[in-house]
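> Provided herewith is a single structure, encoded as structure tokens, for subsequent inquiry.
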Amino acid sequence: MQVSFIHTLICLIAGIGLIVLLTAKYRVHAFFALILSCFVVGLGVGLPVTEVLMAVKDGFGNIMKSLGLLIVLGTTLGVILEHTGSTRIMADYLLKLTGPKHAALAMSLTGFIIGLPVFCDSGYIVLSGLNNSIARRTGISIMSMSVCLATGLYSVHCLMPPHPGASAASGIIGIAFGRVMLLGLVVAVPAMVVGYIWAVKMGRRYKKVEQTEQQESIFTDDVPGVITAFIPVIVPVLFIALRAFFANTNSASNNILVLGDPTLALTIGVLLTFAGRRSWKQADVSKLLQDGAEKAGSILVIIGAGGAFGAVLTISKIGDHLSTALPLAQLGLFFPFIITSLLKTAQGSSTVAIITAASIVLPLLPALGLNTERGHLLAVLSMGAGSLMISHANDAYFWVIAKFSGMEMQSMLRVYSVATALMGFTAIGMVYLLSKLIS
């Protein structure tokens with residue numbers, strides 16, 4: 001059955017519109033929204049039900065095979081770091097390094113480093129008491145402190161594995177996890193810096209912001225030392241980076257390549273987190289591992305559904321239609337950024353936006369001139385940049401920041417939402433610069 005471009009485009013728009021409508025307005029879980037969209041698009045272009053169903057199963061299974069263990073381990077790592085107080089120790093140490101006058105910078109760096117293994121919303125909740133306490137002690141605007149912490153966490157969450165969006169995009173597009181992590185770091189740092197600069201500048205205009213009362217610490221004893229707190233974060237990142245660096249060299253060590261496998265590296269990180277306390281109760285260990293697995297489960301079903309949506313788009317030949325009808329070659333790496341930005345701004349979730357965008361972009365890679373390993377990497381980074389744009393009232397993280405900082409809606413939109421837009425443009429600028437430098 002031959003389907004016209006207009007018909008195909010309408011089906012694609014209907015599928016994406018359904019995702020946005022169900023997740024943003026009706027608060028339907030993204031898994032069900034993505035699965036329903038699979039059938040809207042597939043049946044809309046005339047595919048048999050059995051073929052759509054097979055594509056859904058294959059797409060779901062393939063993405064689980066490549067990312068399932070990574071998401072579970074990465075989530076568990078973050079859960080244990082929070083429980084042991086390692087996140088608080090890292091934050092205190094960075095504040096000592098920068099000094100009270102540069103407390104805002106310390107919060108940006110804290111968010112960035114702790115954001116490597118910890119999801120941005122969890123990280124902000126855990127560190128909000130420290131953030132408010134430092135703001136009171138130093139006299140620095142709570143606006144500056146809150147947005148610095150929030151953007152530090154956010155930059156890593158959107159651009160670097162093992163966070164679900166970047167991980168899922170890497171799996172869907174088919175690019176090495178380690179390379180995305182390395183170059184994602186290069187892109188995330190300038191994005192964080194821009195968020196910090198904007199927060200400090202705007203914070204001077206908003207001196208009086210009511211602060212919610214938070215406990216300054218929930219950890220009273222048996223907390224880890226600084227080195228012990230940092231090691232579970234640094235070691236996995238180091239192993240993965242070394243693997244990516246040595247993979248294409250003749251001097252590569254088998255041990256480095258094995259330890260640098262993301263699954264094994266994160267497993268080592270999880271094991272190292274248990275050094276954060278001198279003694280453990282079996283019940284505590286069981287509870288933490290259960291929490292990590294359960295938290296990962298809700299993420300995994302979304303990622304799996306995103307893989308299913310991508311599989312349906314592939315067999316629907318939507319990429320062929322779009323590549324012949326649109327000047328994709330001229331857009332190049334900016335197309336993934338644009339589509340992800342629109343999805344993120346419309347429905348609020350960076351993870352859903354980048355997973356959906358990756359499914360759309362995958363069949364278009366040849367037409368975009370990105371059908372090489374280098375192109376795949378740039379496409380993933382471009383989508384990561386797009387997922388920064390724009391966090392506002394339909395984003396759950398937006399409300400976490402507002403609730404735990406005491407910032408009003410108007411202030412959040414003027415300062416935090418604008419910061420995310422500036423971060424997104426900075427990130428895509430860095431991706432474009434990298435496209436000229438890497439081969």
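> Looking only at region 377-395, decide whether some residue is in a helix (DSSP H, G or I), surrounded by fewer than 22 Cβ atoms within 10 Å (Cβ to Cβ) and touching a residue at least 24 places away in the same chain (Cβ under 8 Å).
For region 377-395, residues in a helix (DSSP H, G or I), surrounded by fewer than 22 Cβ atoms within 10 Å (Cβ to Cβ) and touching a residue at least 24 places away in the same chain (Cβ under 8 Å): absent.
> State yes or no: is Leu364 at pLDDT 90 or above and assigned to a helix (DSSP H, G or I)? Please lay out each step first, then the result.
On the way: at pLDDT 90 or above: no; assigned to a helix (DSSP H, G or I): yes.
Spelling it out, it is not the case that Leu364 is at pLDDT 90 or above and assigned to a helix (DSSP H, G or I).
> Limited to region 412-425, what total is found for residues that are surrounded by fewer than 22 Cβ atoms within 10 Å (Cβ to Cβ) and of a type in the set (S, T, N, Q)?
Filtering region 412-425 for residues surrounded by fewer than 22 Cβ atoms within 10 Å (Cβ to Cβ) gives 413-414, 417-418, 421-422, 425.
Subsequent filtering for residues that are of a type in the set (S, T, N, Q) retains 417.
Qualifying residue count for the region: 1.
> Could I ask something else about it? Any chance you could count how many residues in region 269-292 are loosely packed, with under 15 Cβ neighbours inside 10 Å and at pLDDT 85 or above? Don't jump to the end; show me each part of the working.
Taking region 269-292 and keeping what is loosely packed, with under 15 Cβ neighbours inside 10 Å, we get 271, 274, 278-287, 290.
After this cut, where a residue has to be at pLDDT 85 or above as well, the list is 271, 274, 280-287, 290.
Qualifying residue count, region 269-292: 11.
> Only one of these conditions is not met by Leu185: (1) assigned to a helix (DSSP H, G or I); (2) within 30 Å of Gly307 (Cα to Cα); (3) touching a helix residue (DSSP H, G or I) at 6+ places or on another chain (Cβ under 7 Å); (4) free of Cβ contacts under 8 Å to residues at least 60 places away in the same chain. Which number is it?
(3)
> Out of Leu238, Leu242, Leu259, I need the residue that is farther than 24 Å from Gly129 by Cβ, among the aliphatic types (A, V, I, L, M), modelled with pLDDT under 85 and out of contact with any helix residue (DSSP H, G or I) (no Cβ under 7 Å at 6 or more places or on another chain). Which one? Let's see the steps before the verdict.
Working: Leu242 fails: out of contact with any helix residue (DSSP H, G or I) (no Cβ under 7 Å at 6 or more places or on another chain); Leu259 fails: out of contact with any helix residue (DSSP H, G or I) (no Cβ under 7 Å at 6 or more places or on another chain).
Residue meeting the stated conditions: Leu238.
Matching residues to (1) over 28 Å from Phe239 (Cβ atoms); (2) modelled with pLDDT of 85 or more; (3) surrounded by fewer than 24 Cβ atoms within 10 Å (Cβ to Cβ); (4) not aliphatic (A, V, I, L, M):
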| position | (1), (2), (3), (4) |
| --- | --- |
| Ser108 | no, yes, no, yes |
| Ile113 | no, yes, yes, no |
| Leu130 | yes, no, yes, no |
| Val147 | yes, yes, no, no |
| Tyr154 | no, yes, no, yes |
| Leu159 | no, yes, no, no |
| Ser170 | no, yes, no, yes |
| Val180 | no, yes, no, no |
| Gly184 | no, yes, no, yes |
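> Is one or more of the residues making up region 67-78 outside any helix (DSSP H, G or I), farther than 21 Å from Val361 by Cβ and either among the aromatic types (Phe, Trp, Tyr) or touching a residue at least 12 places away in the same chain (Cβ under 8 Å) (or both)? Before the answer, list the steps.
Initial filter on region 67-78 (outside any helix (DSSP H, G or I)): none.
No, that holds for no residue.
> Looking at Ile89, Ile10, which one is farther than 21 Å from Ala168 by Cα, of a type in the set (A, V, I, L, M, F, W, C) and without any contact (Cβ under 8 Å) to a residue 60 or more places away in the chain? Before the answer, list the steps.
Working: Ile89 fails: without any contact (Cβ under 8 Å) to a residue 60 or more places away in the chain.
Criteria check complete, one pass: Ile10.
> Could I ask something else about it? Just the residues that are in contact with a Pro (Cβ under 7 Å, 6 or more places away or on another chain) and not in a helix (DSSP H, G or I), please, taken from region 79-100.
Here is the first cut: in region 79-100, the ones in contact with a Pro (Cβ under 7 Å, 6 or more places away or on another chain) are 81, 84-86, 89.
Of everything in region 79-100, just one residue is in contact with a Pro (Cβ under 7 Å, 6 or more places away or on another chain) and not in a helix (DSSP H, G or I), namely Gly85.
> Taking the criterion of being modelled with pLDDT under 85 and assigned to a loop (DSSP other than H, G, I, E, B), would at least one residue in region 340-361 satisfy it?
Checking region 340-361: at least one residue is modelled with pLDDT under 85 and assigned to a loop (DSSP other than H, G, I, E, B).
> Checking Leu116 against (1) more than 23 Å from His83 (Cβ to Cβ); (2) part of a loop (DSSP other than H, G, I, E, B): exactly one of these is not met. Which one?
(1)
The values are calculated or read from the model by the stated rules, or taken from the named source; none is laboratory data. Quantities reported herein were computed from a predicted structural model and do not represent experimental measurements. Methodologically, a virtual Cβ is constructed for each residue, glycine included, from the backbone with ideal geometry; neighbour enumeration extends over all protein chains shown.
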